[in-house]
Amino acid sequence: MRAQRVRATGVAALVVLLASITGCVGQSLKIFPMQKEQTVAIGKSVVLTCQADAQDPSLITQPQWKDPKGLVINEAAPGTRPEIYTEAMPTKQLQLLYISSITPAMAGNYTCVATYTNIPLSASVILDTYVAITFTNANENQYATKGQEFKVMCEVTAEPAPTIDWFKEGVPIETGDRYVIHANGLLIKNVQESDDGSYMCRAVVIHTGELSEREINVEVYTAPEMEERDQVVVIKEGETAQITCKARGKPPPTYSWIKASTRENLATTSRFSVNENTGLLTFSRVEASDYGKYICSASNPAGQNETEIEVEVLVRPKIFELFNATVSEKMDGRLECKATGRPAPRISFRKLSNPDRFTNGAYDNGRITVETSSRQTGDQMESSGVITISNLNRTDDGLYECLAENDGGEARKNGHLTVQFKPTFQNMPDIPIWSWNGQPVNISCIAESIPNATIKWRHRDVDLVETPHIKIFGSGPISYVTISPVDRAMFGVYKCIATNILGEAEHIIELREGFPPGRVIQAIQETITATSVSFNIVGPAEDMGPPILAFTTQYKENSNFDWNLARNRTWSINSPYIVENLRPMFTYDFRFAAVNQVGAGVWSAPLTVITPKTSPPQQPKWRENISSDSLIYGKYADKYELKWKVPADNGEPIDMYEISYCPVVKVSGEWKVVSESQCTIEELKSYDAISYEVRGLYPDTRYRMHVRAHNVLGYSLPVELYLQTALGVGSGFAPPQLLSSGAIIGVALAGVFICLLIVDLLLLCFRRQGFIATICGKRAKKHKEDEAKLGRDEKEPLKDTGDDGLKRNSSVEFDGRRVYATSGGTIIGKNSAV
């Protein structure tokens, strides 16, 4: 049988060969890709193309594909995509074979068949599969934690098995102290921040030549580290407050806050808000109970850390107790003040009428003491302060302020310490009450006491009762009696008796009968002008009546004998007693009387006064008490204000004032005008002027200043003063005088001497002239004549010509020094300050 099959096969081959030789040479099928054996990675898709190759393709039937089992692979039904299907392209004599996501079971020999004029054609290809390199667990971004072990995961599947290599930043990594290469990754021991970076996981399959790389970015995370900060935070009750918590870490940590005592998560608690990204804890309205420990926790993938912060809440003091106290005089008084707050309030006291404050301790030699204490009450501290005043007196009565203060603020409250005392009349005036002609009067009584006193009245040691002429109003602490003294028996001493629980006091009021004043003892004229006269009046004794309130005068011309036609003038007591608008060169009669509440007394004997004729005004007087010989030192360098009193006009109105001022020096103890041409006269056209500011003065200069009043009859006598202006240039307040006038003159003279010496040296050098040349003998004759003259001058003083008392050698005082003047009055020594 086997031999027969061999012979049959040989015959068939021979027939094919003969057919090919006779006309089928060049007709075949080609498969693309053209490799006879092809290797495809599992999971990949493959397309194989079968194409007829003939001179006349129309003679070839449409190719078909057969699977490794010899079964024809059909085309896909419309709308379907099976794992293996074919697709015909008749126009091109192509047959495509599609294999989607190849699996090992799909491997084998695939054959493409067709016929050419009923002669079969075929071609085949062998598909083999393999497992490609696949990174099954190799994330491109992986995160390590500092200080811990970390495996950079890189799991690779392939068939045949791959070889794995590692690189960091392009540098190969080998197993060593810190790195261990595992089949599924790279183990890093004790991760540090320097391990942060880019790693390369490379897989190689030697048999297939496949190479694949996966770049993995490793970021090293660091656990949060809390930044240093104050462990105690102080916030105020009622305000909005914020507390920050900061930590360093990678990635940036998130934050949470809890209160240690309650373990509350403050992010979900009312009045609190937490920013988990910045660590900011906000108290929207701080309460006293918010004090305590708070825990800030910072966490990230690398770990968690926390810090504890002590929160101290400042609670403004609140005074909740301060009671008034009433204590009798000479006893001990006590006020207690209680306040809450946090921290414990400091308590002190102050009497509102006194700025001094009483803190803990003793005052007034131990008579006043303050004691304080404090204790914890719930969320706050309670402080108590007690002020004790021993041996109370009336001045201790009043409002006392309690001040409670701490770092959160202060509170104040007033309490009244009432000091009870028996009645007193110390503020009642001890003066008599006057009545006359049955005139009703009030006698009043005010009793000071605590508690209020009741008052009763006594007269002539008998309790006072109301009658038609006596009316009593009030029984305490104020009471007054209206008396109409129709009988002399109603005058006398009245007693006001005040009584309270602590004692009794009485006040004596004397009701006297009033009479008009007696005769004026004396009235003499003091100053008389053409139109006025002033008097000095001595009144009568006041024993018999109320005090004198005024003086009155009647005056008339001497030729008129009827006092009923006289004019009147009344002055209040102790005012200037002046009568004005009189006529010049007339004789007047004056009589005077004293006046009190009852009326005017009897007239005095007449006083005759003769007014002089009209004349220039009286001499003005300075408003300040200035001596005419004294030297006044002005505050300013260029001005001075003169102030005077308006003088009497002596019958004719003042129409102007004349102000004159001249530079002066003191010669032999007397003031002398330097030069009349340097005097300045100014007129002030005003009758009521009382001041004038002199301007344009020279600094450090002495002046004589005159003021004269003028009317149509001429000028008054001048009132004068001597002034020295201050140092300085121009206007403005003078600076302190550093050099005396004599020193300034000396400096000026030294400067002049130096200038003259320089000029003389120049004359000597260029022209052989000058004082130095004369000394050297170049003008000997003239030099001798000058010496003779000088000798005479030194031995003989200049003679007095008799023309002027100043035309002689005179000494002129200036700042305690002496300078010399020529007979003409020109100063040849040190200059004056003029």
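What to note about this one:
- Figure legend. Inter-residue proximity from segment 259-270: first residues closer than 14 Å to residue 291 by Cβ, second residues among the small types (Gly, Ala, Ser) and open to solvent by less than 80 Å² (accessible area, probe 1.4 Å), beta-carbon distance below 8 Å, spacing 6+ or different chains. Indicated pairs: 259/292; 260/292; 261/292.
- Considering the conditions (1) free of Cβ contacts under 8 Å to residues at least 40 places away in the same chain; (2) buried (at least 17 other Cβ atoms within 10 Å of the Cβ), residue 210 is excluded by exactly one of them, (1).
- Failed item in (1) crowded, with 18+ Cβ neighbours inside 10 Å; (2) of a type in the set (Val, Ile, Thr); (3) assigned to a loop (DSSP other than H, G, I, E, B), with residue 497 passing the rest: (3)
- Restricting segment 125-141 to residues that are crowded, with 16+ Cβ neighbours inside 10 Å and within 30 Å of residue 63 (Cα to Cα), the residue that is farthest from the chain's Cα centre (by Cα): 125
- Taken over segment 632-642, residues that are open to solvent by less than 50 Å² (accessible area, probe 1.4 Å) and either assigned to a strand (DSSP E or B) or farther than 18 Å from residue 696 by Cα (or both) amount to 4.
- Strands (runs of 3 or more DSSP E) wholly inside segment 530-623 containing at least 2 residues that are small (Gly, Ala, Ser) and in contact (Cβ under 8 Å) with a residue 24 or more places away in the chain: 587-595
- Residue check for residue 505: within 60 Å of the chain's Cα centre (by Cα), of a type in the set (A, V, I, L, M, F, W, C) and in a strand (DSSP E or B): yes
- Residue in segment 300-346 that is least open to solvent (accessible area, probe 1.4 Å), counting only those that are under 30 Å from residue 449 (Cα atoms) and among the polar types (S, T, N, Q): 328
- Residues in segment 127-151 that are touching a Leu at 6+ places or on another chain (Cβ under 9 Å) and part of a strand (DSSP E or B): 127, 133, 150, 151.
- Summed over segment 452-494, the residues that are open to solvent by 30 Å² or more (accessible area, probe 1.4 Å), in a strand (DSSP E or B) and polar (S, T, N, Q) give a count of 3.
- Residue match in segment 643-663 (condition: farther than 30 Å from residue 581 by Cβ, open to solvent by 20 Å² or more (accessible area, probe 1.4 Å) and touching a Lys or Arg at 6+ places or on another chain (Cβ under 6 Å)): no
- Of all residues making up segment 213-235, the number that are closer than 19 Å to residue 311 by Cβ and crowded, with 18+ Cβ neighbours inside 10 Å: 2
- Scanning segment 99-123 for residues that are open to solvent by 30 Å² or more (accessible area, probe 1.4 Å) and touching a Lys or Arg at 6+ places or on another chain (Cβ under 8 Å) yields 100, 101, 111, 113.
- When 480, 400 are screened for being touching a residue at least 12 places away in the same chain (Cβ under 8 Å), among the aromatic types (Phe, Trp, Tyr) and within 30 Å of residue 323 (Cβ to Cβ), only 400 passes.
- Test: residue in segment 88-101 that is of a type in the set (A, V, I, L, M, F, W, C), farther than 30 Å from residue 213 by Cβ, in contact with a helix residue (DSSP H, G or I) (Cβ under 7 Å, 6 or more places away or on another chain) and in a strand (DSSP E or B): no
- Residue list for segment 435-451, filter: open to solvent by 30 Å² or more (accessible area, probe 1.4 Å) and among the aliphatic types (A, V, I, L, M): 446, 450
- The residue of segment 685-714 that is least open to solvent (accessible area, probe 1.4 Å), among those that are among the β-branched types (Val, Ile, Thr) and over 16 Å from residue 726 (Cα atoms), is 707.
- The criterion of being open to solvent by 30 Å² or more (accessible area, probe 1.4 Å), without any contact (Cβ under 8 Å) to a residue 12 or more places away in the chain, within 57 Å of the chain's Cα centre (by Cα) and more than 30 Å from residue 288 (Cα to Cα) holds for residue 429.
- All positions within segment 325-379 that are over 30 Å from residue 422 (Cβ atoms), among the acidic types (Asp, Glu) and assigned to a strand (DSSP E or B): 371
- Of all residues in segment 585-598 being open to solvent by less than 40 Å² (accessible area, probe 1.4 Å) and closer than 13 Å to residue 544 by Cβ, the one that is modelled with the highest pLDDT: 594
- Taken as a whole, the structure leaves residue 166 outside the set of residues that are assigned to a strand (DSSP E or B), within 28 Å of residue 280 (Cβ to Cβ) and either at pLDDT below 90 or open to solvent by less than 40 Å² (accessible area, probe 1.4 Å) (or both).
- Pairs linking a residue in segment 178-192 that is open to solvent by less than 80 Å² (accessible area, probe 1.4 Å) to a residue that is among the aromatic types (Phe, Trp, Tyr), with Cβ atoms under 6 Å and 6 or more positions apart or on different chains, are 181/166; 186/166; 188/150; 191/150.
- Any hit, segment 525-534, residues being buried (at least 18 other Cβ atoms within 10 Å of the Cβ), of a type in the set (S, T, N, Q) and under 60 Å from the mean Cα position of the chain (by Cα): no
- Unique match (being modelled with pLDDT of 90 or more, outside any strand (DSSP E or B), over 30 Å from residue 294 (Cβ atoms) and of a type in the set (A, V, I, L, M)) among 191, 204: 191
- Taking residues in segment 61-85 that are hydroxyl-bearing (Ser, Thr, Tyr), and partners anywhere that are open to solvent by 90 Å² or more (accessible area, probe 1.4 Å), the pairs with Cβ atoms closer than 9 Å and at least 6 places apart or on different chains are 85/74; 85/75.
- Positions within segment 673-684 being open to solvent by 50 Å² or more (accessible area, probe 1.4 Å), within 18 Å of residue 725 (Cβ to Cβ) and not polar (S, T, N, Q), in sequence order: 674
- When the strands (runs of 3 or more DSSP E) confined to segment 278-324 are screened for residues that are more than 21 Å from residue 266 (Cα to Cα), those reaching at least 2 such residues are found at 303-322.
The values are calculated or read from the model by the stated rules, or taken from the named source; none is laboratory data. As the structure is a prediction and not an experimental result, all values here were calculated from the model. Every residue, glycine as well, gets a Cβ built from its backbone with ideal geometry; the counts of neighbours run over all protein chains shown. Ligands, DNA and RNA are stripped out before the accessible areas are found, and what is left, the full protein with its side chains, is counted by its heavy atoms. Shrake-Rupley method; radii C 1.70, N 1.55, O 1.52, S 1.80 Å.
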